[in-house]
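Student: Provided herewith is a single structure, encoded as structure tokens, for subsequent inquiry.
The values are calculated or read from the model by the stated rules, or taken from the named source; none is laboratory data. Here the structure is a predicted model, which means the values were calculated and not measured. For neighbour counting, all protein chains shown are included, and Cβ atoms are generated from backbone atoms with ideal geometry for every residue, glycine included. Ligands, DNA and RNA are excluded from the accessible area calculation, which covers all protein heavy atoms including side chains. Shrake-Rupley method; radii C 1.70, N 1.55, O 1.52, S 1.80 Å.
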Amino acid sequence: MTATLDVGRIREQFPILARRVHGRPLAYLDNAATTQKPRAVIEAVRRFYEERNANVHRGAYTLSAEATDAYEGARARVARFVGAADAREIVFTRGTTEAINLVAWTLGLTRLREGDEILVTGMEHHSNIVPWQLVAARTGARLAVAPITDAGDLDREAFRKQLSSRTRIVALAHVSNALGTINPVRELAAEAHEKGALVLVDGAQAVPHLPVDVRDLGCDLYAFSGHKVYGPTGIGALWARRELLEEMPPWQGGGDMILEVRFEGSTWNEVPWKFEAGTPNVAGAVGLAAALDWVAETGLPAIAAHEADLLAYATARLGEIEGLRIVGTAPRKAAVVSFVLDEVHPHDVATFLDADGIAVRAGHHCAQPVMDRYGVPATVRASFAAYNTREEVDALVASLRKVREVFAR
Ligand code: PMP
């Protein structure tokens, strides 16, 4: 049985949740954009700067050794969290976007040839589309797209048909940020592997909500962002199988990623440091490790169960509002509800809700093809985290009813 969350106790750990906005208690429902940070993360970053700050992998002195231990310890923490075989399979990046670009400009560039295909799904975030377009233009490869159904599921039959011996890379979201759909990554990866394609998973929206085990998923590369899982901004990770990292050429050049530098030529550091040119975000990595500790202590199964309850409750309550249409109704969803309200522009809805202290996202959510698929320019999106409550959903519903009254006049 899954332990239930003591949400009151959790909320106390997030200082920002005590804020008022326009005189109202803050209801922060934009967690798919970024999550708030618990005191444990804020304190870990503060303590790092107050007690251990120095550059890493360089100094012989105590502080530098401690900072290096903290940074490499964070790498080991990330590895454990996603079930990697070895900490050296984790490359620290600025986030998901940088991780995908890293893969596109290394593996993409070396493996793709004219006529090859990169297969993405119709529900990808721009950061899992545009890097592939850039690399396709450079290599002569083609971007193929597996469509999604009216409910927001991947069309499995179409996916299978799109896969061919020309498919070199399949790049897909584990969870869609615009629709909430959870993709059956294990099955999709197995199908892609049958055709000899590599599988990159964009885990930005999955890591905060589902237990992720990269080896169990059977993918080849997995990317995620720290700031969406209660950690700091500017830090994220790419996991890849060791032999792939060995195969991948360096990306950015600079300090730390080299073994020896001569004007005649240079040699590269071992993985993963080969991909980490320049001074890394040490404090960010420390904060990310603290965030993952916080999630593990709080319990991901309990967080997932709480969010599933909020999702079901919000879906039912929003469904009672006349003229409201939920976009994305796949049977397996993470804590995201996207919707449109008849005749009211999503930006107007979000601005109205803000006056009631409710923070939701309005826009295309960096997933314009998804908006096009459902024939809307934008949606309003409420997305939940461990600290959200049914009362906040009630506040959202009450405020939306007022929006309807004001705009229906
Ligand atoms: N992929 C998905 C599914 C996302 O939701 C996001 C963030 N909105 C990203 C990628 C990009 O993440 P980041 O901005 O942290 O690099």
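Student: List the pairs whose first member sits in region 29-46 and is more than 18 Å from Glu12 (Cβ to Cβ), whose second member is open to solvent by 30 Å² or more (accessible area, probe 1.4 Å) and assigned to a loop (DSSP other than H, G, I, E, B), and whose Cβ atoms are under 8 Å apart, counting only residues at least 6 apart or on separate chains?
Tutor: Thr34/Thr233
Student: For region 15-39, give me each residue that is open to solvent by 20 Å² or more (accessible area, probe 1.4 Å) and small (Gly, Ala, Ser).
Tutor: Selection gives Ala18, Gly23, Ala33.
Student: Still on this structure: Going through region 328-343 one residue at a time, which ones are open to solvent by 10 Å² or more (accessible area, probe 1.4 Å), touching a Ser or Thr at 6+ places or on another chain (Cβ under 9 Å) and either among the acidic types (Asp, Glu) or outside any loop (DSSP other than H, G, I, E, B) (or both)?
Tutor: Lys333, Val340
Student: All but one of (1) closer than 18 Å to Cys366 by Cα; (2) touching a Pro at 6+ places or on another chain (Cβ under 8 Å) hold for Asp155, so report the exception by its number.
Tutor: Failing condition for Asp155: (1).
Student: Just for region 154-183: of the residues that are in a helix (DSSP H, G or I) and hydrophobic (A, V, I, L, M, F, W, C), which one is farthest from the ligand (Cβ to nearest atom)?
Tutor: Per the criteria, the residue is Ala158.
Here's the yes/no breakdown for (1) closer than 21 Å to Val21 by Cβ; (2) crowded, with 16+ Cβ neighbours inside 10 Å; (3) small (Gly, Ala, Ser):
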position	(1), (2), (3)
Tyr313	no, yes, no
Ala316	no, no, yes
Ala362	yes, yes, yes
Gly375	no, no, yes
Thr379	no, yes, no
Lys402	yes, no, no
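Student: Show the residue pairs that are 6+ apart or on different chains and have beta-carbon atoms under 8 Å apart, the first residue being within region 322-348 and free of Cβ contacts under 8 Å to residues at least 40 places away in the same chain, the second being open to solvent by less than 40 Å² (accessible area, probe 1.4 Å) and not aliphatic (A, V, I, L, M).
Tutor: What qualifies is Arg325/Phe339; Ile326/Ser338; Ile326/Phe339; Asp342/Gly323; Pro346/Gly363; Pro346/Thr379; His347/Gly363.
Student: Which residues, counting only those in region 103-121, are open to solvent by 10 Å² or more (accessible area, probe 1.4 Å) and within 16 Å of the ligand (Cβ to nearest atom)?
Tutor: Trp105
Student: Next question. Could we say that Ala44 is in a helix (DSSP H, G or I) and closer than 30 Å to Asp213 by Cα here? Can you show your working first?
Tutor: Values: in a helix (DSSP H, G or I): yes; closer than 30 Å to Asp213 by Cα: yes.
Against the criterion (in a helix (DSSP H, G or I) and closer than 30 Å to Asp213 by Cα), Ala44 qualifies.
Student: For the structure I just gave you, tell me whether Leu198 is away from the ligand (no atom under 16 Å from the Cβ), buried (at least 22 other Cβ atoms within 10 Å of the Cβ) and over 25 Å from Val56 (Cα atoms).
Tutor: Answer is yes for this residue.
Student: Okay, next question. Any residue at all in region 234-245 that is part of a helix (DSSP H, G or I), open to solvent by 30 Å² or more (accessible area, probe 1.4 Å) and within 18 Å of Gly328 (Cα to Cα)? Working first, answer last.
Tutor: Pass one, region 234-245, residues part of a helix (DSSP H, G or I): 242-245.
Within this subset, residues satisfying the condition of being open to solvent by 30 Å² or more (accessible area, probe 1.4 Å) are 242-243.
Still in the running and within 18 Å of Gly328 (Cα to Cα): none.
No, that holds for no residue.
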